[in-house]
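As structure tokens, the structure follows; a few thoughts come after it.
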Amino acid sequence: MSATEHSGGGTVEYIQHHLTNYCVGDCDPVTHQAAGFWALHVDTLFFSLLIAMGIVFASIRLTSRLSTGTPTGFQNAVEGILEFVQGQVRDTFPGHNPLIAPLALTIFLWVWLMNFMDLIPVDLLPLIGGYFGIHYMKVVPTTDLNTTLAMALTVFVLSVFYNFKVKGVVGYLKMFLFHPFGKFFVPVNIVMTLIEEIAKPLSLALRLFGNMFAGELVFLLIALLGGAATVGAGMLVWLPLQIVLDFAWLIFHVLVITLQAFIFMVLTIVYLGMASTDEH
């Protein structure tokens, strides 16, 4: 299903089609949306794991070809990213934890590459999938709320773990009982701290999802201009306009996907840093 096929009035259908995951399991047969817990978004899982495997493969390949002299090419770029991430960890995380820097690097690279899928022409991979009988394909994993929530919940679980490890059970409970208004407002403190703790993974997940979903939607709207451009003399107007808008949004979106990966990484470091100190 392409933009051309929907230029005649099926704009909503075109957008809905591209924003529908390839659902397997407990899925609605009409809308193809998840209808229960046991529903899998196969396209999200496939592209997420494919990118993760690509990162592992590139890491192994780079490790086996490390140059001790002046690095060039790919190694130079990777070392630049490593130094950047290490600098963020040193500036943000208190003390030393051998997990934080590798975790931050993994999050930054994985989120950025998943976001980068948004820069692939919106009709290309779904068109290829159609030849193999795959009629629904959402190729940007971070436009699936399940992906961003899963990553945010992982960070949240690690945060709770380090809170217990550093503060102890009693210290962690005191944070709920006596923060932020002291011992005379325990019920209010519990509610406020619960809201604060729950807001961390929710804001982490929704920020990334919202920005990437909006970016994908803009690319779909620009792609619809290509459908209009195939109709007669309108090609002279709509096709150049589509090219200009696509190129301009692509350049801007490169900044967006990088910024979103950076924010997710930094907030992860901040949350784990807060959990790794005795002070709230």
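The values are calculated or read from the model by the stated rules, or taken from the named source; none is laboratory data. It should be emphasised that the depicted structure is a prediction, and the values quoted were computed from it without experimental measurement. Cβ placement follows ideal geometry from the backbone for every residue including glycine, while neighbour counts extend to all protein chains displayed.
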Would you confirm whether any residue within the range 162-169 is assigned to a helix (DSSP H, G or I), free of Cβ contacts under 8 Å to residues at least 60 places away in the same chain, touching a helix residue (DSSP H, G or I) at 6+ places or on another chain (Cβ under 6 Å) and over 17 Å from Asp278 (Cα atoms)? no
Selection status of Ala261, part of a helix (DSSP H, G or I), surrounded by 14 or more Cβ atoms within 10 Å (Cβ to Cβ), modelled with pLDDT under 80 and touching a helix residue (DSSP H, G or I) at 6+ places or on another chain (Cβ under 9 Å): no
Residues of the range 123-135 classified as under 18 Å from His32 (Cβ atoms) and of a type in the set (Val, Ile, Thr), total: 1
If you check every pair at least six apart or on different chains, which have Cβ atoms under 6 Å apart with a residue in the range 108-121 that is among the hydrophobic types (A, V, I, L, M, F, W, C) first and a residue that is not in a helix (DSSP H, G or I) second? Met117/Val139; Met117/Val140
Looking only at the range 9-30, count every residue that is of a type in the set (Ser, Thr, Tyr), closer than 19 Å to Val140 by Cα and out of contact with any Lys or Arg (no Cβ under 8 Å at 6 or more places or on another chain) and tell me the total. 1
Selection count, the range 7-23, where residues are more than 16 Å from Thr147 (Cα to Cα) and either outside any helix (DSSP H, G or I) or aliphatic (A, V, I, L, M) (or both): 6
